[in-house]
Amino acid sequence: MESQMRDVPRRRARGRTRLLLGGVCAAVIAVASVAMTTLAHADLSGPPGSTLKAAAERSGRYFGAAMGGDRLSDSGFLTIANREFDMMTAVNEMKPDATEPNSGQFTFSSGDAIYNWATQHGMRVRGHTLAWHAQQPRFWANLSGSSLRAAMIEHINGVMAHYKGKLAYWDVVNEAFAENGSRRSSNLQSTGNDWIEVAFRTARAADPSVKLCYNDYNIENWTYAKTQGVYNMIRDFKSRGVPIDCVGLQTHFTGGSSLPSNFQTTLSSFGALGVDVALTEADVTNASTSQYGGLTQACMSVPRCVGITTWGIRDSDSWRGSENPLLFDRNSSPKPAYTSVLNALNAASTTVPGSSTSPSSPPVSSPPVSSPPASSPPVSSPPPSSPPVTGQPGTCTAAFRMVNTWGGGYQGEVTVANGGSTALNGWTVRLTLAGGQTIANVWNGVNTGTSGTVSVRNADYNGTLGPNATTTFGFLVNGSTNTAPGSFSCTSP
C-alpha cells in the first residue's frame, strides 16, 4: 500500500532544478548544518514548540512530509512545508522507474529538484525507494533470475552513488511481505529468498553513512501475521550481521478504530532488536484527532522512534484525498488533529538515544546535486470528471475512482457501500482488468488473482458495514495501458 499507490503522478521540474542550481551551495551547507545541530540537541525541559518540527526536535526527533515535483511550484504547500517540517520524502521521484528508465541510463533531475529545495530550507531527506515489486524500470519486466538480480544490484549502486553522503535514510526494500506473514510473490522474490539481504548488503557497501530501512504497511498491529513476519526477518538480519538500521511503518489508518491498542508494543518490540523505527507515510481517515494523537504519543513513548512523516501536507495533496486524511485542509488551515499531534510531540516522555549529546556531523556536506534533464515522458493525470463505475444493484455496490496514472500503470480506489437497511457481514468485489494489466498491490482488501477477472474481499477490519455505511480499498496496476477496469460487481454473503 505504500507510498507508491498513494503517490501523485511524477512531472518534470526542469525549470525549478535550474533555478535551485544557480548559487545556493553555501546556503545549503550552512542551513543543513544548523538543522542537524537543532535535531541533535534534545531538551525536554525547554519551552514547547509552536510548530511540528520545533515540537519534535525537543526530543531529538523529526517531523516530515512527502512531496512530489509538482509541489515545487505550489506556494501554499511550500509555505507550510518550510514552516512545519524538517524531513522530506519524494513521493515518486526517487523510485526505480523514475531514476533508471532504461538499463544503465540513470536520471536524477526530478529527485534532485526535491532534494535541493528541501536542503536549501534546512531539511533532511529520506530516500524512497530502491527495490520494490512495483514501479520498476520497464526493462525489468523482461528479466528474471540472475539477470534481474544483477539489474537490482546495478540500480542500487547507481542511485546510491549519486546520493552518497547526502541522505539521512534510504528505504532500501519496500513492501516485500504478504498479509499472512510470508514473503510477497514478486519477480524479485523469484530471484531467491536472499534478495532482500543482498539489497541491504549492496546498499551498505554503496553508502556506509546513510541509515538503511525496511518499509511496509499493515505492520502496526503487534499480533498481526504480517507484523510478525517482518519482525522475524529483522531479528534474523540483526543476528547474522545483515546491515539494517531502521524499520518504517507506513501507518495508513482507515476508519474510526484502526489505531491498534498494541501499537506502542510494536514500536518498542522492533526497537528492542536494535533498529530505529519511524512512521513513514502517516494519514488517517477524516484526520481523526484521537488516532493522530494516539500514533504520535506511541512514537514519543518509544526512545527508538525517531520521527513521523505524513504522506502529503494538505488533503488536496493526498492519495486518499476523498477521506480528508491529513493535518491541513484544502485551504492550508490546520485541523484539530494538528493540535493533537503538536501537543503529543511537546509531551514527549523520551528522547532519541544520542540526541542529548554533542551534535553529530551533518550528512549534507556538499552542494546541491545536479544531473541531466530527465528523459522519461511526463505523466498525465486522469480526467477529474471521470464517471464512477457502479456495480450491480442491491445492498452491496462498488464505485471505482481513478486516483493516479503514470507511464506504466495506475492507482485505483473502490468505494464499497451498503445501501440496504441491514448490516453487511463481509463483501467481495469482482472487477476485470484490461489485457496486459496485472495488480501489483491491494490495500484494505485481500485479492484473489492478479490479472483478468480479479476478486477482492474485505480485510479483517472492514468487512462489517452498517446501513448506508461505506469503506474503500485501493490497488496498484502495472501494464502498458491506463484503461480503467470494468465489469464491476459487489456481493455479500
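The values are calculated or read from the model by the stated rules, or taken from the named source; none is laboratory data. On a predicted model such as this, the values are computed, not experimentally measured, just so you know. Cβ: placed from backbone, ideal geometry, glycine included. Neighbour counts: every protein chain shown. Ligands, DNA and RNA are stripped out before the accessible areas are found, and what is left, the full protein with its side chains, is counted by its heavy atoms. Shrake-Rupley method; radii C 1.70, N 1.55, O 1.52, S 1.80 Å.
Taking K and R as +1 and D and E as -1, what net charge do the other residues with C-beta under 13 Å from the C-beta of Leu52 add up to?
So the surrounding residues net to +2.
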- Note on the structure: Reduced to Cα centres, the span from segment 141-205 to segment 249-312 in Å works out to 25
- Probe 1.4 Å, all protein chains present, accessible-area order of Ser480, Ser186, Ser451, largest first: Ser480, Ser451, Ser186
- What is the Cα centroid distance between segment 64-106 and segment 44-62, reported in whole angstrom? 25
- Item | Residue pairs, from the table Lys95/Lys166; Lys53/Lys95; Lys53/Lys238; Lys53/Lys211; Lys53/Lys164; Lys166/Lys335, whose Cα atoms sit over 28 Å apart | Lys53/Lys238; Lys166/Lys335
- Using a Förster distance of 35 Å, how high is the FRET efficiency between Thr448 and Asp329, based on the Cβ-Cβ distance and rounded to 0.05? 0.40
- Kindly sort Lys166, Lys226, Lys211 by accessible area of their heavy atoms, largest first, with the probe set to 1.4 Å. Lys211, Lys166, Lys226
- Note on the structure: Here, Asn102 and Ser50, labelled 7 Å along Cα→Cβ, have an inter-label distance in nm of 5.3
- Query: Counting only protein heavy atoms, what percent of the accessible surface of segment 69-115 is carbon or sulfur at a 1.4 Å probe?
  - Reply: 44
- Message: Over segment 218-348, with the other protein chains present, what is the accessible area per residue in square angstrom, probe 1.4 angstrom?
- Response: 31
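Report the extension gain between Thr481 and Asp236 in nm, rounded to one decimal, defined as 0.36 nm multiplied by the number of residues separating them, less their alpha carbon distance. Before the final figure, lay out the partial values.
Values: separation 245, 0.36 × 245 = 88.20 nm, distance 4.03 nm.
Difference between extended and current length: 84.2 nm.
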- Message: From Cα pairs below 8 angstrom and at least 6 apart in sequence, can you work out the relative contact order of segment 184-320, rounded to a whole percent?
- Response: 21
- Task: Could you check how much of the accessible area of segment 137-221 is carbon and sulfur, as a whole percent, using a 1.4 Å probe?
- Result: 49
- Could you tell me, in Å, what Rg and Dmax come out for the Cα atoms of segment 67-108? 13.1, 40
